[in-house]
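Computed from the coordinates by the stated procedures, all read-outs in this text should not be read as laboratory data. Every value quoted in this text rests on a predicted model; they were computed, and no experiment measured them. In this analysis, Cβ positions are derived from the backbone assuming ideal geometry, glycine residues included, and neighbour counts consider all displayed protein chains.
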There are 2 protein chains.
Amino acid sequence: MFSNMAHMTSTRVRMSPDGRREQLLELGVRLFATHSLDELSIEMLAEEAGISRGLLYHYFGNKQEFHTAVVQRAADDLFAVTAPTGEGSPLEQLTGSLERYVDYVVANFNGYVSLLRGAAGGHEGLREIYESSRAALTDRLFEGPVAQEAAALGLTDTPVVRLLVHGWAAFTEDVVLEWVRDDRGITRKELLVTLSVSLPGILAPLRDG
Amino acid sequence: MFSNMAHMTSTRVRMSPDGRREQLLELGVRLFATHSLDELSIEMLAEEAGISRGLLYHYFGNKQEFHTAVVQRAADDLFAVTAPTGEGSPLEQLTGSLERYVDYVVANFNGYVSLLRGAAGGHEGLREIYESSRAALTDRLFEGPVAQEAAALGLTDTPVVRLLVHGWAAFTEDVVLEWVRDDRGITRKELLVTLSVSLPGILAPLRDG
């Protein structure tokens, strides 16, 4: 949307408040990729955007609201980027979504880890965003065109399958974070194959039993 | 070790400092079952034990040291209680360990959840205890007599299997916590069967592929 901060500053007078807030939010999301929430201060954003702290408080109220807005936008981005393409078998589509999830975590590691820490550590606002984001990501497996074929993976919509898919999301998150921290000689491709077959692997006993 | 606090108080003069600290620690662990770390104050322990706060500070220094000691002891208890019995097939032994893990989480839910929250939220001392406890629980799958037969479950000791077992521990923890919060009509037995076959389910593609 904008190529650099100089451009943004030069267009200040022509932008609507909403457009301006949007630009600042996008900048926050980009900084959030490589900075934890603790590091991501109003001061840092003001400096990066080349505007005053007062103006930032005008748009976001306080640091907490700014963080919430950034994290919500980052969660929306993750949801959009991992959308199934609608092409290929259910397993191929799952692998594709996982591939984009892994790339997202790699590219946004510091912010992502700090979100998980905040959400798990009892920060109510972050926990809500994290949990509804995770629910949206896994609900997708049971909805829409993919779900028509997803029974092939064992994804029938029952309470026990829902519970196991919830756990599989925790599994995937844990494995990907561990792998990004130390790949242990496991290639990205090996990781993706292993992750995508783990879901039918977990569900197979239900389907077969 | 002791049946009630009155007994404990009456034996005060005869007990060694180590024995006394041990009793207080055990009381702390019992309170930790039904109270979060936030709730588990020196004041509460002093009241339950019928002794002065000053004496408790004498044994544990400060609240943080007391919490660390309680959590470490609880982790040791969990490790002991989930030890494989050495009887039955690897899958039966795994199911037995999982059964005792589930029972432990049910019986110690409030404390366990608060430990996870503290560990995930960036409390360094709790994180270390939690991670070494989890490592000890899963390392056991690769060591000792069980490991001799564990290849039947796909548990060969390779980096990718270690990574997947790490993720499986996150999966198990997530599924059990969710189930304790809301069992969704899933019986304890169904839960246990599903959890124990999930490990070979996750590992099967590696073994077969």
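Between the helical axis of A:124-139 and the longest alpha-carbon principal axis of chain A there is an angle of about 40 degrees. The residues A:V197, A:V106, A:V160, when put in order of fewest to most other Cβ atoms within 10 Å, stand as A:V106, A:V160, A:V197.
By other beta-carbon atoms within 10 Å, ranking B:K189, B:K63 with the fewest at the front produces B:K189, B:K63. Looking at segment B:126-203 from every direction and averaging, what is the projected area of its Cα convex hull in nm²? Taking the Cα atoms of segment B:126-203, their convex hull projects to 5.9 nm² on average.
Distance between the 7 Å Cα→Cβ label points at A:S52 and A:M15: 1.7 nm. Ordered by the count of other Cβ atoms within 10 Å of each Cβ, fewest first, A:T187, B:T138, B:T158 give A:T187, B:T158, B:T138. Compute the angle between helix A:17-34 and the longest alpha-carbon principal axis of chain A, please, reported from 0 to 90 degrees and rounded to the nearest 10. Between helix and principal axis, roughly 60 degrees. In chain B, the beta-carbon sitting nearest the axis that superposes B on A belongs to the residue given here with its distance in angstrom, B:G121, 1.
Taking all Cα pairs closer than 8 Å and separated by 6 or more residues, the relative contact order of chain B comes to 20 percent. The value obtained for chain A, namely the Cα convex hull volume divided by the number of residues, is 144 Å³ per residue. For chain B, the longest principal axis of the Cα atoms and the long axis of helix B:90-107 meet at an angle of about 30 degrees. With a Förster radius of 30 Å applied to the C-beta separation of A:R188 and B:E131, the computed FRET efficiency comes to 0.75.
Remark on the protein assembly as shown: Rg and Dmax equal 24.7, 83 Å (Cα only).
Which residues does the label zone of A:T34 cover in segment A:111-134, counting backbone N under 20 Å from a point 7 Å along Cα→Cβ? Within reach of a label on A:T34: A:111-115.
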